[in-house]
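Read the structure below first, then the notes.
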């Protein structure tokens, strides 16, 4: 259960700088591939739409992410701010991964986020498409975990 004083800065209303920081913090969390850590960024009753899955609450989000990262191996993600206003942020993203058979994919998508006053995400709507790629077409080559600060973002990579 969430402590009523739990906060997740930066807090809304967002500025350009704080929205960009929020996006990078989300990217860092997802690149950790730690479902419990990531789930703490959401309200206890957070509502998601992720492809055809509709998890609600931290417990379901944590299970969803556990299952996701068992399927999507060597997952590496880049998020980029698209737009923001008040307590909402829109991002575009791409991530690379391979399945159990070693087939590589680049998944592209957009997310719409809504935050509560404590900076926890209460709504997340994601639309995602998967593109099969050859391993030689990969663009995300950093060691597993946080993307290095000097690694190009989506725009710099032409994605």
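No lab work stands behind these numbers, since they all come straight from the coordinates. Everything quoted here is computed from the prediction, not taken from an experiment. A quick note on method: Cβ atoms are made from the backbone with ideal geometry, for glycine too, and the neighbour counts reach across all protein chains shown.
For the chain, what proportion of DSSP beta bridges, expressed in % and rounded to the nearest 5, is antiparallel?
Roughly 90 percent of the DSSP beta bridges within the chain come out antiparallel.
Could you give me D for the chain, from Stokes-Einstein at 37 °C and 0.692 mPa s, where the hydrodynamic radius is the Kirkwood radius over C-alpha pairs? Units µm² s⁻¹, please.
204 µm²/s
Kirkwood Rh over alpha-carbon pairs of region 20-91, then Stokes-Einstein at 20 °C and 1.002 mPa s: what D in µm² s⁻¹, rounded to an integer?
Answer, rounded: 165 µm²/s.
Using only Cα atoms, tell me the angle between helix 16-32 and the longest principal axis of the chain; keep it within 0 to 90° and round to the nearest 10.
It works out to around 60 degrees.
Where in region 113-147 does the label zone of residue 28 land, with the point 7 angstrom along Cα→C-beta and an amide N cut-off under 18 Å?
Under 18 Å, as judged by backbone N against the label point of residue 28, lie 119-121, 142-147 of region 113-147.
Got a sec? How would 98, 141 order by Cβ neighbour count within 10 Å, fewest to most?
141, 98
Given only helices, namely DSSP H runs of n ≥ 4 each adding -39500 (n - 2.57), what is the per-residue ellipticity at 222 nm of the chain, to the nearest 500 deg cm²/dmol?
Taken over the chain, the calculation gives -7500 deg cm²/dmol.
Once you have the Cα-Cα distance between residue 117 and residue 154, take 0.36 nm times their residue separation minus that, and quote the gain in nm to one decimal.
Stretched fully, the residue 117-residue 154 segment lengthens by 10.4 nm.
Pairing the Cα long axis of helix 57-71 with the longest principal axis of the chain, what angle in degrees results, from 0 to 90 and rounded to the nearest 10?
Between the helix axis and the principal axis of the chain, the angle is about 10 degrees.
Apply 1/(1 + (r/R0)^6) to the Cβ-Cβ distance of residue 53 and residue 133, taking R0 = 22 Å, and write down the FRET efficiency to the nearest 0.05.
0.40
If the elastic network links every pair of Cα atoms under 10 Å, which of 148, 55, 12 fluctuates the most in the Gaussian network model of the chain?
Ranking 148, 55, 12 by mean-square fluctuation puts 148 first.
Sort out for me the Cα centre separation of region 1-48 from region 98-159, rounded to whole Å.
Comparing the Cα centres of region 1-48 and region 98-159, I get a distance of 16 Å.
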